[in-house]
1. All but one of (1) within 24 Å of Arg137 (Cα to Cα); (2) modelled with pLDDT under 85; (3) in a helix (DSSP H, G or I) hold for Val237; which doesn't?
2. For Glu187, all conditions in the list (1) assigned to a helix (DSSP H, G or I); (2) at pLDDT 85 or above; (3) not hydrophobic (A, V, I, L, M, F, W, C) hold save one; what is the number of the exception?
3. What's the total number of residues in region 116-148 that are within 14 Å of Pro64 (Cα to Cα) and touching a Gly at 6+ places or on another chain (Cβ under 8 Å)?
4. What's the number of the only condition in (1) within 16 Å of the chain's Cα centre (by Cα); (2) part of a helix (DSSP H, G or I); (3) over 30 Å from Leu254 (Cβ atoms) that Asp54 fails to meet?
5. Restricting to region 130-150, count the residues that are among the basic types (Lys, Arg) and crowded, with 18+ Cβ neighbours inside 10 Å.
6. If I ask for residues that are under 21 Å from Val203 (Cβ atoms) and assigned to a helix (DSSP H, G or I), which ones from region 242-263 would you list?
7. Take region 9-51 and flag every residue that is among the hydroxyl-bearing types (Ser, Thr, Tyr) and either under 19 Å from Ala94 (Cα atoms) or in the same structural domain as Ile114 (by TED's automatic domain parsing) (or both).
Amino acid sequence: MSGLCDGESRLDGRVLVSFSQRQAEGFRSERILFDRVEGMVRFRGNYSATAFRDGYRDGDHALPGQELVILDFDDRYSIGEAMVDFAEYVGVIATTRNHMKEKHGVLAERFRVILPTDRPIMLEREGFKLMMAEVMRRFVHADGACKNIDRMYYGFPDAEVFYLDGSRLFAWERFYRTAMVRQSERERQRSERVRRPDDMATVQRGYVTFFRNRFVPGNRNNALFQLACWMRDDGVVELERLLREMNSGSGCPLEEEEVEGILRRMQ
């Protein structure tokens, strides 16, 4: 694997990838021409945008320097919509192995958006996760499970590949800066929040009132997500338990898969 210094722009048309036939071991990294990404998504094995020390894929062995941002889309979002939303960027859209197959009772377009970055992502695992969480706040239909630095993707030999016609490389640093501001503000609010028991009771009644008013057909997922964000920002330790209790006692609860999706976005 060749490398450039931190902060040096990557303008040679190459991107960092790693491949393996296994899920955790044997990941070999190299920098390939972006034109070869079409072959990467059709690889009969697994691939990642991260290089791993000793070829072992986990967070502890992940190395900074990613040159691709990869987003998965699994439900209620179409390739046509993605072509519009990502039109300004250089990149590809590739269908995944469950594209137009029934999954959990849903038949949907399932695909991956792959965007080369304007600079290598020189972040450690927690910083990377925060940055990707902010990217997903912008592209709200993306699968929230794809935030981790050691994320692996399955190749799909029959993938359909569509090239985006934009001219911009993905500028990840602005998402990271926003994430740092958001985290700093959240920590400030938590440090200033020393509530008496009666204060906490008032806050919890506020959660219940919000839930009862907003958790209605057509708005259930959005309402539960907004409530989860509120609880997270308040530093609620038992966020998952409270959300599940409210959902199950609502009379028209969300499916478990939707609740899990909301909780993943809170990580």
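1. For Val237, the failing item is (3).
2. For Glu187, the exception is condition (2).
3. 6
4. Evaluating Asp54 over (1) within 16 Å of the chain's Cα centre (by Cα); (2) part of a helix (DSSP H, G or I); (3) over 30 Å from Leu254 (Cβ atoms) leaves (1) as the failure.
5. 1
6. Matches in region 242-263: Leu242, Leu243, Arg244, Glu245, Met246, Asn247, Ile262, Leu263.
7. Within region 9-51, Ser18, Ser20, Ser29, Tyr47, Ser48, Thr50 qualify.
Residue-wise test of (1) under 19 Å from Met266 (Cα atoms); (2) within 15 Å of the chain's Cα centre (by Cα); (3) not charged (D, E, K, R).
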site	(1), (2), (3)
Asp74	yes, yes, no
Glu88	no, no, no
Thr95	no, no, yes
Val113	no, yes, yes
Leu123	no, no, yes
Gly127	yes, yes, yes
Cys146	yes, yes, yes
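The values are calculated or read from the model by the stated rules, or taken from the named source; none is laboratory data. Quantities reported herein were computed from a predicted structural model and do not represent experimental measurements. Ideal geometry is used to build each Cβ from the backbone, glycine not excepted, and the neighbour counts take in all protein chains shown.
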